[in-house]
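Reading through the structure tokens given below for one structure.
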Amino acid sequence: MKKVIIALLIIAIVAVLCALAYFAFLAPAPQTGMPPLAPADHAQRFETGGADYCYTCHGNGDAGNPQDKDSKALPENHYVDGSYDNKALDPGRMMCNTCHAVTPGGEAAE
Amino acid sequence: MVEKMLNEVPDSTSIVSEAVNSELSRRSFVKATAATLAVAAAAGTLSSLVGCGGQGGVLGVGNSKVYTSVCRFCGCGCGVLCEVAGGRLVSVTGDPDNASNKGLNCVKGYYLAKVLYGKDRLTKPLIRKDKATKGTDSGLTEASWDEALDLVAEKLKAVWKEDKSRLAFWASGQQPIVEGYLTAKFWKAGLLSNNIDPNARLCMASAVVAFMNVFQTDEPAGCYEDLDLADVFITWGANMAEAHPVLYSRLTARKLNDSNVKHYDLGTIKTRTSASANKTMLFKPGTDNAIANCIANYLVSEEKYDKKFVEAHCQFKAGTEDLGNAYEDGWDATDKLQEATGNDGVWGIEFSEYADMLKKYTFKYTSELSGVSEADLKELAEVFADKNKKVMSLWTMGVNQHNRGTWMNHNIYNIHLLSGKFAQPGCGPFSLTGQPTACGTAREVGTFAHRLPADLLVANGQHRRYTEVLWGLPSGYLGDDEEKNPGIMKPGKHTIKIFRDLSNGDIDFLWSAHNNWAGSLPNLTRFLGKGEKKGIMDAFIVVSEVYPTLSCDYADVVFPAAMWIEREGQFGNAERRTAIFEKAVDPPGDAKWDAWILMQVAQRVLDGEVIGGNDSFDTLFGTIWDKDKKDFINESQREISKIVWEEYRTFTNPTMNPTADDINNDVGDKFGVTADDGTYTPAKLKLFAKQMAPYDEYLSNHGLTWPVREVDGKWLGTKWRFAAGKQEDGFDEYGIAQYGQKDDAGKLISKPGNIDLYKTAKYKASVTFRPYEPPAENPDAEYPFWFCTGRLLEHWHTGSMTRVVPELDRALPEALLDMNAADCEKLGVKDGDMVTVKSRHGEFNIRVSTAGRTAPPAGVVFAPFFAKETLINLAVHDYYDPLSKEPDYKKTCVSITKA
């Protein structure tokens, strides 16, 4: 009896896992690549200090990459020649607020 | 790793798949790798490349495909790469191979991945059965395609047969080129109606009229690369940081790369664009014409203009003045406007006369008028006087949406021509465009009420003959006698005329596509039947849409349309770059390609009609549509697009059709002018000046800037029109060789400034004196504030697409009224208060902000137009520029009271 119960249990678990896998397969692929929005307390930071201000926390510097360990590091393609080693932002990517809008509600990007 | 990735990407249309082709080249391999890495890197999950982590593990590579595309939104026309997995768009990144943006993107562009999947997508045709529900968001019920198409065709045919002056199509600067071309062909050749006009009338018409007046050809001479090379930038009433963000990033990058580069921002309010400018000069609304004339006066009176350039390339003119302002319905027919727009509206003058006309615009006078200090005006004038400075002027809606917008375009050209700063790398005037294909479609394939493809005009007999040949029509079919056979000789109704007539009850059938007129038109109080005029309620209105909009509330039939990359399309941006977006995903439900919808209606309407003894529909569309099958002859949208493109391309490659080429060259002396002494001057169309390449070239090159020339088997774009130099370097070598001014021995004449303005009749641009004239309305005791409107970064136009993206909606959830703190104090209102903004034309309620995106000076307020719950256009007036018929959205006088 015990063996039957274990077998049924295993079959049930396998069935559930198969079902999950099936629905996962059917589910639409998640969307990615969107630049994260800045939280509400970041309002006016870029306007105040420009990209340098953002770099202070999010950039690659003496204090690490990112310099503020609780911040999100800037992607490597934001740097000159696409390399963290340059420790300087690509001038074309220094208008941070062009992509990273501030959300008044404070929520981050999905 | 990369090998594995590439083996998993089978799509033959994507750039990634180029690398798995049997003829794998190093370039395509590198390109594919770069594309994949770009997508993966942007996704923030390089691990996805090996399928071992991230979100789902197969993103970016596994089963995904990457498609070459163009952003759906603004006039920058940025190239993007679209990654599709499981039939869904999963990421959008900047395309590094598209020279317009070089891989850069903005927040709207990145979030394109979500724009397709907002709730409430229209997926079924809708029909309104109870007219009483018009103007509400209810009353539309689902119908079959046949039911909706039959109904639309029946109504259109009935109105067409009864009185074709009472039908209209409102097109768009967002309508892809092939779709726009087919629509114009159906309307102009199928229905013999010019009542088709695009929403580009609302944003670019002033620029278009000025281009044609000054250079006899539309669109800028320069390119976006000028942004990387200029020494001085001048933005004229243009908030590029929000309305053209990627181009603004290039501008600021140039400044960061060289500390000597300067930026002067001129406008009526401070914006994000002002933030990084070296100097912001705020002027009183409407006085920009005076400022430009002041600069011209300084250059001329101080003899600091470029004498050699002016002598070689400029002719001087004056024109009708005191034009008044167009608000009343019959205004277009007044003697004054007839004079201003007729042959006598502009006349030649001597340089000395032009100099005399400018004399009034001293620094003192202009400073008093504009509010800009004399010192600042002089500093600006010195920029143009400095022969060593490469100066780039940039402008868009602040100049174009202006009661004297055409004049202000003229005046910017005037100061660039006087100073010889034209069509050289990093140096020249650059008219930015508002929409992704206002140039490519609205301007280039003839969806304006007065145009035919390739800048040709309905009112010109030679142009009609040329078009007839390429459309397979009998000679004279488009009209050859104003009385007996007018055809389409007379331009149709422009946008504001269409909607004024609609509100007056003089339009019975309206079809709109790729726009939301019920949110974007000015004076919606007039046009939406909220005042005395109720014509909109009686007319039969068809709307092709992707999401429910205010325009749908007034529709009798709504066609659900495929959106952006749900079909193949083509855009032409502000730097003359034509680029293709590939079909990457299927449209939802029963939504269809607009071209399919158009053909279905056209087949029904033209049933039984003949042209020259042949079936009308087959004559016009037989190459792409099978009437028996009631569908395209080929399932591939790529193949259909190619056929249509080749037909359009012939307009710009006349030798592809010998009969057309004879008309292009005026063989037989039919269209020119014979002088009193019997000398004949032929009328040459010079259509190679706009030469386009075969369709596939735009895919493999990620867009090309016209004119595109075939050199040693390769198609090369042109960066600087009219500029001498090698085609390989982006100069207009072949245009000048073919059409440039030659001496008696047939040798090209070398000219100052290194340019040849070969499209103009005398090889000379027109410098026309255009004075300052005041705005249509001025503040008074009852309406003491100027109200200005425009776009902000996160939302596109009326927000019907961007507001469905949660992140964009959260970032900019509400339209606020930006006010100066002193004005707030005076009125007793504070941040967050609701106020009523009222004009002579209508009113709306809105929340006040003194810390908004813009910072207006006292007496000026600003609000964006994206929010339908605010609907600021209820109060905006519809006075328009008399020459371009483009409304002035920037200068409505309003009162503000606490709500």
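The values are calculated or read from the model by the stated rules, or taken from the named source; none is laboratory data. What you see is a predicted model; the values in this text were computed from it and never measured. Ideal geometry is used to build each Cβ from the backbone, glycine not excepted, and the neighbour counts take in all protein chains shown. Just so you know, the surface numbers come from the protein's heavy atoms only, side chains and all, with ligands and any DNA or RNA stripped out. Shrake-Rupley method; radii C 1.70, N 1.55, O 1.52, S 1.80 Å.
As an equivalent ellipsoid, segment A:1-79 spans semi-axes of 50, 16, 12 angstrom, where each value is the square root of five times an eigenvalue of the C-alpha gyration tensor, largest first. Each residue of segment A:38-51 was assigned a 3J(HN,Hα) from its phi angle through the Karplus curve 6.51 cos²θ - 1.76 cosθ + 1.60 (θ = phi - 60°); the sequence is 8, x, 4, 6, 8, 4, 6, 5, 5, 4, 7, x, x, 4 Hz, with glycine and proline shown as x.
Remark: the protein assembly as shown carries a charge dipole of roughly 1300 debye about the Cα centre, counting +1 on each Lys and Arg Cβ and -1 on each Asp and Glu Cβ.
Projecting the Cα atoms of B:TYR758, B:THR467, A:LEU8 onto the charge dipole of the protein assembly as shown, computed from C-beta unit charges around the Cα centre, puts A:LEU8 farthest toward the positive end.
Listed here are the pairs B:LYS690/B:LYS719; B:LYS317/B:LYS690; B:LYS255/B:LYS390; which of them are more than 19 Å apart at the Cα?
Pairs exceeding 19 Å: B:LYS317/B:LYS690.
The portion of the accessible surface of the protein assembly as shown made up by carbon and sulfur, rounded to a whole percent, is 52 (1.4 Å probe; DNA, RNA and ligands excluded).
Under 18 Å of direct C-alpha separation, and excluding same-chain neighbours fewer than eight residues apart, B:LYS684 reaches these lysines: B:LYS670, B:LYS742, B:LYS759, B:LYS762, B:LYS764.
Structure shown: which of B:LYS102/B:LYS378; B:LYS336/B:LYS493; B:LYS336/B:LYS534; B:LYS185/B:LYS493 lie over 27 Å apart, alpha-carbon to alpha-carbon? Going by Cα-Cα distance, B:LYS102/B:LYS378; B:LYS336/B:LYS534 fall outside the 27 Å limit. Only lysines eight or more places from B:LYS124 in sequence, or on another chain, were considered; those with a Cα closer than 18 Å are B:LYS592. The alpha carbons of segment B:679-819 give a radius of gyration and a Dmax of 24.2, 69 Å, in that order. Spin-label model, B:TRP145 to B:LYS490: label points 7 Å out along the Cα-to-beta-carbon direction sit 3.9 nm apart. What the phi angles of segment B:462-468 give under the Karplus curve with 6.51, -1.76 and 1.60, with θ = phi - 60°, is a coupling list of 4, 5, 5, 4, 4, 5, 4 Hz, glycine and proline written as x. Using a Förster distance of 56 angstrom, determine the FRET efficiency expected from the C-beta separation of B:ASP677 and B:GLU379, and round it to 0.05. So, using R0 = 56 Å, E works out to roughly 0.60.
The convex hull drawn around the Cα atoms of segment B:722-770, when projected onto a plane and averaged over every direction, covers 4.2 nm². Pairs of Cα atoms nearer than 8 Å and 6+ residues apart set the relative contact order; for chain A it is 30 percent. In the calculated pair-distance distribution of segment B:267-425, the portion above 24 angstrom amounts to 38 percent of the Cα-Cα pairs.
With n ≥ 4 as the cut-off for DSSP H runs, can you work out [θ] at 222 nm for chain B, using -39500 (n - 2.57) per run divided by the number of residues, rounded to the nearest 500? When only DSSP H runs of four or more count, the value is -8000 deg cm²/dmol. Measuring from centroid to centroid over Cα atoms, what is the spacing of segment B:280-327 and segment B:666-730 in Å? Cα centroid of segment B:280-327 versus Cα centroid of segment B:666-730: 30 Å apart. With N as its number of residues, segment B:87-179 has a Cα radius of gyration that, divided by 2.2 N^0.38 Å, comes to 1.60.
Nearest 20 debye, what's the magnitude of the dipole of segment B:302-435 about its Cα centre given +1 on Lys and Arg Cβ and -1 on Asp and Glu Cβ?
Once rounded to the nearest 20, the dipole reads 740 debye.
Contact order for segment A:40-99, expressed relative to its length and based on alpha carbon pairs under 8 Å spaced 6+ residues apart, stands at 26 percent. Shown here are the Rg and Dmax of the Cα trace of the protein assembly as shown, at 28.4, 118 Å. Could you tell me how many cubic angstrom of Cα convex hull volume segment A:40-99 has per residue? Hull volume normalised by residue count: 80 Å³. For the protein assembly as shown, the share of DSSP beta bridges that are antiparallel, to the nearest 5, is 55%. Close amide H contacts of A:GLY61 (hydrogens built in the peptide plane, cut-off under 5 Å, sequence separation of 5 or more or a different chain): A:GLN67. Chain B against chain A buries an accessible area of about 2800 Å², both chains summed, 1.4 Å probe radius. Here's how it looks for B:SER100: its modeled amide H is under 5 Å from those of B:GLY79, which are all 5 or more places away or on a different chain.
Tell me, what is the per residue accessible area of the protein assembly as shown in Å², probe radius 1.4 Å?
37 Å²
Normalised by the number of residues in chain B, the mean separation of alpha-carbon contacts (under 8 Å, six or more apart) gives a relative contact order of 17 percent. The residues neighbouring B:GLY852, those whose beta-carbon lies less than 15 Å from its own, together hold a net charge of -2 under the Lys/Arg +1, Asp/Glu -1 convention. The amide H of B:ALA454, built 1.01 Å from its N in the peptide plane, has B:VAL445, B:GLY446 as neighbours under 5 Å, considering only residues 5 or more places off or on other chains. Positive end of the dipole of segment B:325-398 (Cβ unit charges, origin at the Cα centre): among B:TYR365, B:GLY348, B:LEU337, the Cα lying farthest that way belongs to B:TYR365. A simple charge model with +1 on the Cβ of Lys and Arg, -1 on the Cβ of Asp and Glu and nothing else charged puts the dipole of chain B at about 1600 debye relative to its Cα centre.
Sequentially through segment B:639-651, phi angles give Karplus couplings (6.51, -1.76, 1.60; θ = phi - 60°) of 5, 5, 4, 4, 4, 5, 4, 4, 5, 5, 4, 5, 4 Hz, Gly and Pro residues having no value and appearing as x. When restricted to Cα atoms, chain B yields an Rg and a Dmax of 26.5, 84 Å, respectively. Note that segment B:619-719 shows a convex hull volume over its alpha carbon atoms of 138 Å³ per residue.
Using a probe of 1.4 Å on the protein chains alone, the accessible area found for B:ASP335 is around 130 Å².
Counting only residues at least eight positions apart within a chain, or on another chain, the lysines with an alpha carbon under 18 Å from that of B:LYS65 are B:LYS4, B:LYS31, B:LYS114, B:LYS583.
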